[in-house]
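Here is the structure we will look at.
The values are calculated or read from the model by the stated rules, or taken from the named source; none is laboratory data. Just so we're clear, the structure is a prediction, and the values are computed from it rather than from any experiment. Every residue, glycine among them, receives a Cβ derived from its backbone with ideal geometry; neighbour counts consider all protein chains shown. The protein model used for the area step is the full one, side chains on, heavy atoms only, and it has no ligands, DNA or RNA in it. Shrake-Rupley method; radii C 1.70, N 1.55, O 1.52, S 1.80 Å.
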Amino acid sequence: MPIERKPEFFKGTQLKVAIIGCGYVGLPLGLRFAEAGHKVTGFDTDPKKVEMLNAGKSYIEHIPQNKIQQFVNSKHFNATTDASRLKDADAIIICVPTPLDERREPDLSYVENTAIMIQPHLQKGQLVVLESTTYPGTTEELVLPILEKSGLNCPIASGPDAENVPCDFFLAFSPEREDPGNKQYGLAQIPKVVGGVNPPSGRAAQAIYTPIVSKVVPVSSTRAAEMAKLLENIFRCVNIALVNELKMLSLRMGVDIWEVIDAAATKPFGFMPFYPGPGLGGHCIPVDPFYLSWKAREYDFATRFIELAGEVNTAMPYHVIEAIATALNDRKKSIKGSKVLVLGVAYKKDVDDLRESPTLKIMQLLQQRGAELDYNDPYFPQLHKMRHYNYENMKSVPLNPQTIGSYDCLVISTDHSSYDYASIVDSAKLVVDTRNATRRVIRHRDKIVLC
Ligand SMILES: NC(=O)c1ccc[n+]([C@@H]2O[C@H](COP(=O)([O-])OP(=O)(O)OC[C@H]3O[C@@H](n4cnc5c(N)ncnc54)[C@H](O)[C@@H]3O)[C@@H](O)[C@H]2O)c1
């Protein structure tokens, strides 16, 4: 490893790139670096994932197996659980989870453990980038001090005087903006925000990302980069809460909120459509804003928009249950004892990701109220035990006119594209639609309840 490595070194091809955490973010990123000609090693604590990757297999629906196989065969990609191999890397990119704990506070244990894992293997001239979503200050306050225990330094510095501040290693933050399953914007098309602990670190991170994304957007610090990601997700969370609230009002007023949104979206400036649903899901939007709320308390600051949006969004599954109860009541039935089939458990359409899915809550509430519950989801033939829910004995029931017709109520919770909504409505007795997935269905509208 050269002693005096310049940031420009990372413009090179055939760098050795280590990706820590081969999940929804780390795996596509690793494959993108491999595509650009770098030699990538994926590190993961899960030996099953490592074994599958080395065998050229995929465990993520939208990542094709042949892509992994191709880079394993050409020796541009391999995976390991062995942290000692980190010492051979030029760049180390951290893509580990950042969930909330039981008290809904940031759980940074994965990031902390990863920094602890890197520290004994850290080499002079290496670039370390944190990609996990987190509150402003994490890179400098948590990751940097652990890495500096190695005896190597990366001083916090900014401004023109710090342009060439000497550093033993480079450290930066660059948020991942991946939207799994989005066919229009993949990793390569999404601009990447990058902030360094000091200017050389920022330049090193810019250099390594420039060839693999459409544009790199440098910012002046890791904190600005950390906050930019949170702003994006808080923006979504607050706007989704807004349309969810307006949906509930519109239902009461007899106004079709989806028609209203489509009409408002024709304004060519100053408006962006967001759509209501059964609640917030996914690993990011329901979780990330609370990273900022938590950090804000250190500054005696209450993030009221975030709290209010959280309140509205977490109430949505209860609103769905109320709508199901009313629709059954109108047909002289109760939830208790009714056969209910939930369509779609994934947190959004066409993905194989269950994390924080509001459907899990809706299913729990239905069971608590005595429904005879089943589900169908083409992405989940069966369910497993999760942190807050246990559906391990449930299997996706086949969808055909006979099964559909045997239920008192179908609940469209996730609007997968593969569902044939017209024939579902044809066979169903009652359809409660939380996504307006049945908007194009013409026959039997009297069976549909939008909620
Ligand atoms: N999934 C998304 O759409 C998305 C989008 C943008 C940002 N993010 C953020 O990216 C980060 C990663 O999310 P994800 O969805 O890829 O998570 P994930 O759970 O899919 O993957 C994380 C991987 O890290 C591994 N891991 C955990 N600790 C490890 C350690 N110490 N060493 C090596 N591997 C370890 C896990 O086994 C897992 O394979 C999170 O901060 C998330 O908020 C996710």
Rounded to the nearest 500, the 222 nm mean residue ellipticity computed for the chain from DSSP H runs (n ≥ 4, each -39500 (n - 2.57)) alone is -10500 deg cm²/dmol
All lysines inside 18 Å of Lys429 as judged from Cα atoms, apart from same-chain residues fewer than 8 positions distant
Lys332, Lys333, Lys336, Lys339, Lys447
With the crude spin-label approximation of a point 7 Å out along Cα→Cβ, what separation in nm comes out for Asn239 versus Ala263?
2.1 nm
Where in the chain are the helices, taken as whole DSSP H runs, whose Cα atoms extend 30 angstrom or more along the long axis and whose Kyte-Doolittle mean reaches at least -0.5?
222-253, 304-330
Can you list the aspartates and glutamates whose alpha carbon is less than 13 Å from that of Lys39, not counting same-chain residues fewer than 8 positions off?
Asp88, Asp90
Theoretical gain in end-to-end length, Ser423 to Phe301 [0.36 nm per residue, Cα-Cα removed]
38.7 nm
To the nearest Å², the heavy-atom accessible area per residue of the range 321-451 with 1.4 Å probe amounts to 46 Å²
Could you work out how far apart the two model spin labels at Lys48 and Leu142 are, taking each label as a point 7 Å from the Cα in the direction of the beta carbon, and quote it in nm?
2.6 nm
Quick one: work out the % antiparallel among DSSP beta bridges in the chain, nearest 5.
10 percent
For labels at Ser74 and Ser109 in the simple 7 Å Cα→Cβ model, what's the distance in nm?
4.0 nm
Can you check what the net charge comes to around Ser406, using other residues whose Cβ is under 12 Å from the Cβ of Ser406 (Lys, Arg +1; Asp, Glu -1)?
-1
Using a 1.4 Å probe on the protein chains only, how many percent of the accessible area of the range 1-157 belongs to carbon and sulfur?
50 percent
